[in-house]
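J.: To start, I am sharing the structure in question, which I have written as structure tokens.
The values are calculated or read from the model by the stated rules, or taken from the named source; none is laboratory data. These figures come from a predicted structure and were not determined experimentally. Heads up, the Cβs are rebuilt from the backbone with ideal geometry, glycines too, and the neighbour counts pull from every protein chain shown.
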Ligand SMILES: Cc1ncc(COP(=O)(O)O)c(C=O)c1O
């Protein structure tokens, strides 16, 4: 008998028919799609530093943090991460996805309201779903609309209000207007949460775009990931000591799980220390390369959304139809460029795209050849 339930098989067939089926595919060709912005993931210098730091580190923590799994190395790592984020305290998680689930599911109680950007990441959406507050979606990166919605949805008795946004949007490459969002939140007594996943290590001395915008101290909680510019994995929530105390007590995705693997705490700490020597210079170079690529793309006749920031490392080439994005990605892959198509539900319906990223791993000559190749593929 076929043990795979028929309705699930039908679902897979429907994904195929809609151009929405996914298959795993290993890296091949020039890196134009990873989030390894600074080239840390396979850097031999960082790998050597990590190997040395791992000497004598236990394989596992053996228990959850609230039982016997709370090791000194977790605290040492968190002290480094808090300092890197420019905040008093940090709490370590195995991934950014889990950090967002933990933060949002524990903060949002009945009577609370969260105001969430329309293009926020799936982990934010899922964290809000796990929470028990109500949700108001505000138009993407629109601080005036947020201001009106905050006025229209006053606090409930005993309830809190939160505003959550990504700082550098992962699929559109544009930035949240953080200063204006912070002002709107402050005007209405709401608390601002910023997911700095893609900005950590690149902006604001590594802390991200809130620090770069001069509003780091006004952010109630920020989420930082280790799997992107820092080249490893894991994530942390940064804020003040009471936020950390709250999460330790109330965040179920923190409480009911084995402590973060010791190797990750050691590796993440090594990555932040490595960043001090290499991050600023590489970040400046990667952002300069991204600016150069934008120029070469324009010369090649490729349209970029006007909202795309001039210097950011993420370039969305929006093609619309799923099949069009898949075909373009396949052609570029055949030419040696590892570009991936991004389709719904990762991006809104009808906005399938190539999500091109600029990293330390692709030099200027590669980017120039890529621009020409992309111009050719889109002209066909
Ligand atoms: C904005 C944002 N938040 C959170 C995450 C999740 O981070 P992680 O990959 O560490 O789970 C990602 C990326 O996947 C992201 O783009």
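J.: Going through segment 241-270 one residue at a time, which ones are touching a helix residue (DSSP H, G or I) at 6+ places or on another chain (Cβ under 7 Å), closer than 21 Å to residue 58 by Cβ and more than 13 Å from the ligand (Cβ to nearest atom)?
T.: 254, 259, 262, 263, 265, 266, 267, 269, 270 - these are the residues of segment 241-270 that are touching a helix residue (DSSP H, G or I) at 6+ places or on another chain (Cβ under 7 Å), closer than 21 Å to residue 58 by Cβ and more than 13 Å from the ligand (Cβ to nearest atom).
J.: Can you name every residue in segment 13-26 that is surrounded by fewer than 11 Cβ atoms within 10 Å (Cβ to Cβ) and under 30 Å from residue 225 (Cβ atoms)?
T.: 22, 23, 24, 25, 26
J.: From 46, 66, 81, which residue is assigned to a helix (DSSP H, G or I), out of contact with any strand residue (DSSP E or B) (no Cβ under 7 Å at 6 or more places or on another chain), in contact (Cβ under 8 Å) with a residue 60 or more places away in the chain and farther than 30 Å from residue 320 by Cβ? Can you show your working first?
T.: Numbers: 66 fails: assigned to a helix (DSSP H, G or I); 81 fails: out of contact with any strand residue (DSSP E or B) (no Cβ under 7 Å at 6 or more places or on another chain).
None of the other options fit; the residue is 46.
J.: Which residues, taken from segment 107-127, are assigned to a helix (DSSP H, G or I) and surrounded by fewer than 21 Cβ atoms within 10 Å (Cβ to Cβ)? Let's see the steps before the verdict.
T.: Of segment 107-127, the ones assigned to a helix (DSSP H, G or I) are 107, 122-127.
Residues satisfying the conditions are 122, 125, 126.
Condition check ((1) more than 30 Å from residue 341 (Cβ to Cβ); (2) in contact with a strand residue (DSSP E or B) (Cβ under 7 Å, 6 or more places away or on another chain); (3) not in a helix (DSSP H, G or I)) across all residues:
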| position | (1), (2), (3) |
| --- | --- |
| 7 | no, no, no |
| 16 | no, no, no |
| 27 | no, yes, yes |
| 70 | yes, no, yes |
| 73 | yes, no, no |
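J.: If you don't mind, there's one more thing I want to ask. Please find, among 293, 287, the residue that is at negative phi, more than 16 Å from the ligand (Cβ to nearest atom) and within 18 Å of the chain's Cα centre (by Cα).
T.: Every option except 287 fails the conditions.
J.: Something else about it: Does residue 87 fit the bill of being at pLDDT 95 or above, more than 30 Å from residue 133 (Cα to Cα) and touching a helix residue (DSSP H, G or I) at 6+ places or on another chain (Cβ under 9 Å)? Spell out the reasoning first.
T.: Working: at pLDDT 95 or above: yes; more than 30 Å from residue 133 (Cα to Cα): no; touching a helix residue (DSSP H, G or I) at 6+ places or on another chain (Cβ under 9 Å): yes.
When the stated conditions are applied, residue 87 does not pass them.
J.: What are the residue pairs meeting all of these: first residue in segment 258-279, first residue more than 18 Å from residue 71 (Cβ to Cβ), second residue at pLDDT below 95, Cβ atoms under 8 Å, and 6 or more apart or on different chains?
T.: No pair meets every condition.
J.: Right, something else. Considering only segment 226-240, I want to know if a residue exists there that is touching a helix residue (DSSP H, G or I) at 6+ places or on another chain (Cβ under 6 Å), touching a residue at least 12 places away in the same chain (Cβ under 8 Å) and more than 16 Å from the ligand (Cβ to nearest atom).
T.: no
J.: Against the conditions (1) closer than 24 Å to residue 93 by Cα; (2) away from the ligand (no atom under 15 Å from the Cβ), where does residue 168 fall short? Just the number, please.
T.: (2)
J.: Filter segment 171-185 down to the residues that are touching a strand residue (DSSP E or B) at 6+ places or on another chain (Cβ under 8 Å) and more than 16 Å from the ligand (Cβ to nearest atom) and list them by number.
T.: 182, 184, 185
J.: If we keep just the residues of segment 145-160 that are out of contact with any helix residue (DSSP H, G or I) (no Cβ under 7 Å at 6 or more places or on another chain) and touching a residue at least 40 places away in the same chain (Cβ under 8 Å), which is nearest to the ligand (Cβ to nearest atom)? Reasoning before the result, please.
T.: Within segment 145-160, the subset out of contact with any helix residue (DSSP H, G or I) (no Cβ under 7 Å at 6 or more places or on another chain) is 145, 148-149, 151-160.
Imposing the further condition that a residue be touching a residue at least 40 places away in the same chain (Cβ under 8 Å) reduces the set to 153, 155-160.
Working: 153: 24, 155: 27, 156: 28, 157: 32, 158: 30, 159: 25, 160: 22 Å.
Of everything passing the filter in segment 145-160, 160 is nearest to the ligand (Cβ to nearest atom).
J.: OK, next. Considering each residue of segment 109-130, count those that are in contact with a helix residue (DSSP H, G or I) (Cβ under 7 Å, 6 or more places away or on another chain), within 19 Å of residue 146 (Cβ to Cβ) and more than 10 Å from the ligand (Cβ to nearest atom), and give that number.
T.: The qualifying residues number 4.
J.: OK, next. Would you mind stating whether residue 103 is on the phi < 0 side of the Ramachandran plot and touching a residue at least 60 places away in the same chain (Cβ under 8 Å)? Give the derivation first.
T.: Numbers: on the phi < 0 side of the Ramachandran plot: yes; touching a residue at least 60 places away in the same chain (Cβ under 8 Å): yes.
Spelling it out, residue 103 is indeed on the phi < 0 side of the Ramachandran plot and touching a residue at least 60 places away in the same chain (Cβ under 8 Å).
J.: Another one. For segment 49-63, how many residues are buried (at least 16 other Cβ atoms within 10 Å of the Cβ) and part of a helix (DSSP H, G or I)?
T.: Narrowing segment 49-63 to residues buried (at least 16 other Cβ atoms within 10 Å of the Cβ): 49-50, 53, 61.
With the extra rule that they be part of a helix (DSSP H, G or I), the set shrinks to 49-50, 53.
Matching residues across segment 49-63 total 3.
J.: How many residues does segment 329-347 hold that are touching a residue at least 24 places away in the same chain (Cβ under 8 Å) and either over 18 Å from residue 372 (Cα atoms) or within 19 Å of the chain's Cα centre (by Cα) (or both)? Quick ask: steps written out before the conclusion?
T.: In the first step, residues of segment 329-347 are kept if they are touching a residue at least 24 places away in the same chain (Cβ under 8 Å); the result is 329, 331-333, 335-340, 342-347.
Narrowing the set further to residues that are either over 18 Å from residue 372 (Cα atoms) or within 19 Å of the chain's Cα centre (by Cα) (or both) leaves 339-340, 342-347.
Residues meeting the conditions: 8.
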